[in-house]
Amino acid sequence: MSGIVLAAAASAGAVLLAAGVVLGRLTARRGDRAADLDLGTPVERATFHTLHTASLAAPPLRAGLTGETARKAVRPLRSLLGTEALCLTDGSAVLAWDGPGAAHHHAGVSELAAATLETGRSSSAPTGCADPGCELRWAVTAPLTGEEGVLGALVAYGPRESAVLVRAATEVARWVSVQLELAELDRSRTRMVEAEIRALRAQISPHFIFNSLAAIASFVRTDPERARDLLLEFADFTRYSFRRQGEFAQLADELRAIEQYLALAGARFGDRLKVTLQIAPEVLPVALPFLCLQPLVENAVKHGLQDRERGCRVVIAARDAGAEAVVTVEDDGVGMDPERLRAVLRGEHPSGSGIGLSNVDERLRQVYGAGYGLVIETGVGAGMKVTARFPKYRPGVHPSPPL
Amino acid sequence: MNQTYAVAAVTAVVLATVLIGALGLRVSRTTSDFYVASRTAGPRLNAAAISGEYLSAASFLGIAGLVLVQGPAMLWYPVGYTAGYLVLLVLVAAPLRRSGAYTLSDFAEARLESPQVRRLASLFVVGIGWLYLLPQLQGAGLTLEILTGAPDWVGGLLVAVVVTGTVAAGGMRSITFVQAFQYWLKLTALLVPAFFLVAAWHGDGAPRARFDAPATLREHTVVRVADTVRLGLDAPLTLTVTGTVDSVRYEERPVTLGPGTHHVSGGTVLALPPGAPVPERRADGSDPLGWSQPLAGGRDGHQLYATYGLILATFLGTMGLPHVAVRFYTSPNGRAARRTTLVVLGLVGAFYLLPGVYGALGRIYAPELALTGSADAAVLVLPDRIVGGALGDLLGAFLAGGAFAAFLSTASGLTMSVAGVLAQDVLPSRAVRHFRLATPLATAVPLAVGVAASKVPVADAVGLAFAVSASSFCPLLVLGIWWRRLTPPGAAAGLLLGGGSALAAVMATRAGLAPGGWPHTLMAWPAVWSVPLGFLTMVLVSLATPRSVPPGTAATLARLHLPEEFTAPVPAQEARR
């Protein structure tokens, strides 16, 4: 009896869940549905069909002209042209062939395409096929161009010479060329973002190096042992900060770098700087963008010690929050006007104390998405608390081992 | 049993859990011991945490109950629960850690680069988590019922509320410390009373437990049969009955029952004389014990099959338990994960020596528990039965505290995993703070089902979760780590067919839909056929879809199998795709 109750409860739960999912999907897609009802005139439908076929070929081409993308794109392109066979080449070799006759026409393609590849103009020529049953009598060759000239050729085969085929092949080749240009644009944009990230990689401020060396120098006579320890910390810290490999590091390694940084800062400021740590061991293996916490700590120390009279307390906490790690850096220093901070985060005050913050903020957003920027709580004279969240897993985010 | 002690012990365990969870991090450090703060949890601490989370009510109460009722064949349960970590150690531990995955869904996405497979894996994580939470809450209800006489849903509700509250409030901040504490608490709670009980047993002339013949009562015993049962007798038995037997009403009358099967209505009180054999419960369609009968009966020829089913499910199912997988993330690298697993094997193995002792003692001193259907309570009533007096009360309270530690630790680990996956992959994610909303959902579903569902021996109910896990995540993990030709369609098909069929069989059996005989045995112990089915489907569909092999397979497998220090950093361009 109770078994049946259980089954009923379980199935009711499953049905409810499924109903919720389906309802959500339906409401999300209602917009698409309405468009399908009016199917349009035959001409319109033909246009839709053409556009749809073209849209099938576009995504692979947007990744550039390679063997794999050509193979994926050549079938929709042939149905767009309506020819017997279609072939895509790059500057030297055949990338993909769709349709019959691949075996005995393959060798002749480079000969047909050679002229087009050189001049960048379309041409039409008989294939001179020896097989009388073969449909591929004429070939139209059209160039595929990118920003840097001719990248390859599109060869369309038909049973006879036809102006329509020449026109169609040329237009399709032009359309493909546009896609390839967009692909190049994508690539250069990616390269630019990477360069930006490389530039954004936190840099150690020259001031910090001068100040650290000066602080160490002051210990050389009075306390040579301490000076030696500090120099070693300095060496470790700079080695870690200047490493070139990898974009991500483990939280444990980042904390070690912060430890070295604080040891050096402590040498300069002595007792005025007090640091408290609350670290949950569960989150230490979390991978996070390289050197993204050190600027936060540096900022906290700077803010905390701006008021020369009293000391400063910095609290660094890392805690476990389900699938995320939450790191907070808090100081009891002078704080900041929220308006000014907002301007800094928007990048409107390129110089000033907040530059580290906006840099970290931007990198976190780039890696994890817009929801993962820094959360900063502050006010004039009220200290500052910076909270950063790091997902424990994100595809492609893998820490590099410390060097 | 003295209620005050028991309630005090349970309260103390609940408070200690909440306090360690909330305050563990308040132990602040200054820069001078920064190194200690930034050191990852060592293998020993981490292993204690994994063991603490893993040793559930099934281990603490269930195994002793099964041994009491069904004899030493049930020792395959502790063997299987432990050996699962051996398989995990050899095949999965280090690569799983190196994959960087936090949950099993993360692993599916990291290896197969497919959001669809990720979503499917998430559904299985939630399903297995709920199946596993169900017996925890039921066990808590049973424990509280025996300790205080409260209705059986109160204990489950208490655990659910405590766990939901602490998890949703972010109280499980230092979960590693909490779980490690729970392991040592559970071990002590079982070990110390065991010493006293064994000493008392020895002083009693060390009577032997007999598993080959019906257990006999040592003294005059009064049993109240809660649910309607059918009892089997081999010889005539004279006893005093208050209630209804075979549709005849008796009021404290001596009755002689002949050999054969007798129908005893719920609420009947049986008073048995010393030396009487304990009547055995017989299976029938509506008897909740019935579905576990294939292994229990043992004499109908299906036992060998059922034992293999149990072995396969427990050996291969451990790696797919959601709360076990997430704990490996705490290890700093693959090698530490492997070392952690080794320590877990030792800790769990040491723990599992004890439930068998309780089961054997229960067979001698409390055999009538088999009659009432609450054999899971054997561990709790033994101190009172064997030692008695204030010491017995104290030991009983100690055991009750340990049992609650078992419910709390496993339930909180499972709730965190299930809520995390619910918030991330199942519920529509619009807001950031969904985790807190997902937590009540994670506990409410098993709580509701637990109230409605039949009483099933706790260890058996956990076995079901293992069977589903072994048929779904074991193929995914093993093939994902060791076979480069696995494709997303193959993985999805294997999950659906292997895990789905195991889940369906298990649900149908629990709902009492399975026909008798071999079909029933096959459905109650699905692992024997569903695990090969899962593997086979994954392999065949993957071989049929060779073009869908994820492009990053070679790089992913290199990362899974090479020690971290040899792994070349991923080029910046790859990293963002």
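The values are calculated or read from the model by the stated rules, or taken from the named source; none is laboratory data. These figures come from a predicted structure and were not determined experimentally. Cβ: placed from backbone, ideal geometry, glycine included. Neighbour counts: every protein chain shown.
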**Item:** Residue check for B:Tyr81: buried (at least 24 other Cβ atoms within 10 Å of the Cβ), touching a residue at least 12 places away in the same chain (Cβ under 8 Å), within 16 Å of B:Tyr352 (Cβ to Cβ) and of a type outside the set (Gly, Ala, Ser)
**Value:** yes
**Prompt:** Across region B:97-141, what is the number of residues that are over 25 Å from the mean Cα position of the chain (by Cα), closer than 20 Å to A:Glu324 by Cα and outside any helix (DSSP H, G or I)?
**Reply:** 2
**Request:** Under 9 Å between Cβ atoms, at least 6 apart or on separate chains: pull out the pairs that start in region B:394-419 with a residue that is at pLDDT 85 or above and end on any residue that is of a type in the set (Asp, Glu).
**Result:** B:Leu395/B:Asp384; B:Gly396/B:Asp384; B:Ser409/B:Glu53; B:Thr410/B:Glu53; B:Ser412/B:Glu53; B:Gly413/B:Glu53; B:Leu414/B:Glu53
**Request:** Take B:Asp384 and decide whether it is modelled with pLDDT under 85, in the same structural domain as B:Pro115 (by TED's automatic domain parsing) and of a type in the set (D, E, K, R).
**Result:** yes
**Message:** Checking the structure you have, find out if any residue of region B:547-566 is away from every other protein chain (no Cβ under 14 Å) and crowded, with 20+ Cβ neighbours inside 10 Å.
**Reply:** no
**Fill in**
Considering residues that are assigned to a loop (DSSP other than H, G, I, E, B) and either in contact with a Leu (Cβ under 7 Å, 6 or more places away or on another chain) or under 21 Å from B:Val229 (Cβ atoms) (or both), the number found within region B:352-398 is 6
**Request:** Determine whether B:Ser472 is at pLDDT below 75, closer than 19 Å to B:Ser114 by Cα and over 17 Å from the mean Cα position of the chain (by Cα).
**Result:** no
**Prompt:** Quick one: in region A:302-344, which of the residues that are surrounded by 23 or more Cβ atoms within 10 Å (Cβ to Cβ) and under 18 Å from A:Tyr261 (Cβ atoms) is farthest from the other protein chains (Cβ to nearest Cβ)?
**Reply:** A:Gly333
**Request:** Scan region A:55-70 and give yes if some residue there is in contact with a strand residue (DSSP E or B) (Cβ under 7 Å, 6 or more places away or on another chain), modelled with pLDDT under 85 and part of a helix (DSSP H, G or I), otherwise no.
**Result:** yes
**Asked** Somewhere in region A:212-232, is a residue modelled with pLDDT under 85 and more than 17 Å from the chain's Cα centre (by Cα)?
**Response** no
**Prompt:** Between a first residue in region A:111-136 that is touching a residue at least 12 places away in the same chain (Cβ under 8 Å) and in the same structural domain as A:Gly149 (by TED's automatic domain parsing) and a second residue that is in a strand (DSSP E or B) and exposed (fewer than 11 other Cβ atoms within 10 Å of the Cβ), which pairs have beta carbons less than 8 Å apart while being 6 or more apart in sequence or on different chains?
**Reply:** A:Gly120/A:Gly149
**Item:** Identity of the residue in region A:266-286, under 16 Å from A:Leu231 (Cα atoms) and in contact (Cβ under 8 Å) with a residue 40 or more places away in the chain, that ends up farthest from the other protein chains (Cβ to nearest Cβ)
**Value:** A:Arg268
**Of residues in region A:205-248 being among the β-branched types (Val, Ile, Thr) and farther than 15 Å from A:Tyr261 by Cα, the one surrounded by the most Cβ atoms within 10 Å (Cβ to Cβ)** = A:Val220
**Fill in**
Within region B:420-453, residues being in a helix (DSSP H, G or I), among the small types (Gly, Ala, Ser), more than 17 Å from B:Leu104 (Cα to Cα) and at pLDDT below 85 number 3
**Asked** Can A:Thr190 be described as part of a helix (DSSP H, G or I), modelled with pLDDT under 85 and of a type outside the set (A, V, I, L, M, F, W, C)?
**Response** yes
**Prompt:** Within region A:92-99, can one find any residue that is among the aromatic types (Phe, Trp, Tyr) and crowded, with 19+ Cβ neighbours inside 10 Å?
**Reply:** yes
**Fill in**
All conditions in (1) at pLDDT below 85; (2) surrounded by fewer than 24 Cβ atoms within 10 Å (Cβ to Cβ); (3) away from every other protein chain (no Cβ under 14 Å) are true of B:Asp33 except (3)
**Asked** What residue, of A:Thr127, A:Thr116, A:Thr141, is in contact with a Pro (Cβ under 6 Å, 6 or more places away or on another chain) and buried (at least 20 other Cβ atoms within 10 Å of the Cβ)?
**Response** A:Thr116
**Request:** Please tell me if B:Leu88 is more than 19 Å from B:Ala558 (Cβ to Cβ), surrounded by 19 or more Cβ atoms within 10 Å (Cβ to Cβ) and more than 9 Å from chain A (Cβ to nearest Cβ).
**Result:** yes
**Request:** Report, by residue number, each residue of region B:127-138 that is buried (at least 24 other Cβ atoms within 10 Å of the Cβ) and within 12 Å of another protein chain (Cβ to nearest Cβ).
**Result:** B:Leu131, B:Leu134, B:Gln138
**Item:** Candidates B:Leu112, B:Leu142, B:Leu134, B:Leu91, filtered to the one that is of a type outside the set (D, E, K, R) and at pLDDT below 85
**Value:** B:Leu142
**Complete:** Note: among B:Thr166, B:Thr176, just one is touching a Pro at 6+ places or on another chain (Cβ under 9 Å), surrounded by 23 or more Cβ atoms within 10 Å (Cβ to Cβ) and of a type in the set (Ser, Thr, Tyr), namely B:Thr176
**Prompt:** On the given criteria, is A:Ala257 within 13 Å of chain B (Cβ to nearest Cβ), closer than 22 Å to A:Val286 by Cα, aliphatic (A, V, I, L, M) and not in a helix (DSSP H, G or I)?
**Reply:** no
**Restricting region A:363-403 to residues that are outside any loop (DSSP other than H, G, I, E, B) and without any contact (Cβ under 8 Å) to a residue 40 or more places away in the chain, the residue that is surrounded by the most Cβ atoms within 10 Å (Cβ to Cβ)** = A:Ile376
**Request:** Tell me which of these A:Arg167 doesn't satisfy, since it passes every other one: (1) at pLDDT 85 or above; (2) buried (at least 19 other Cβ atoms within 10 Å of the Cβ).
**Result:** (2)
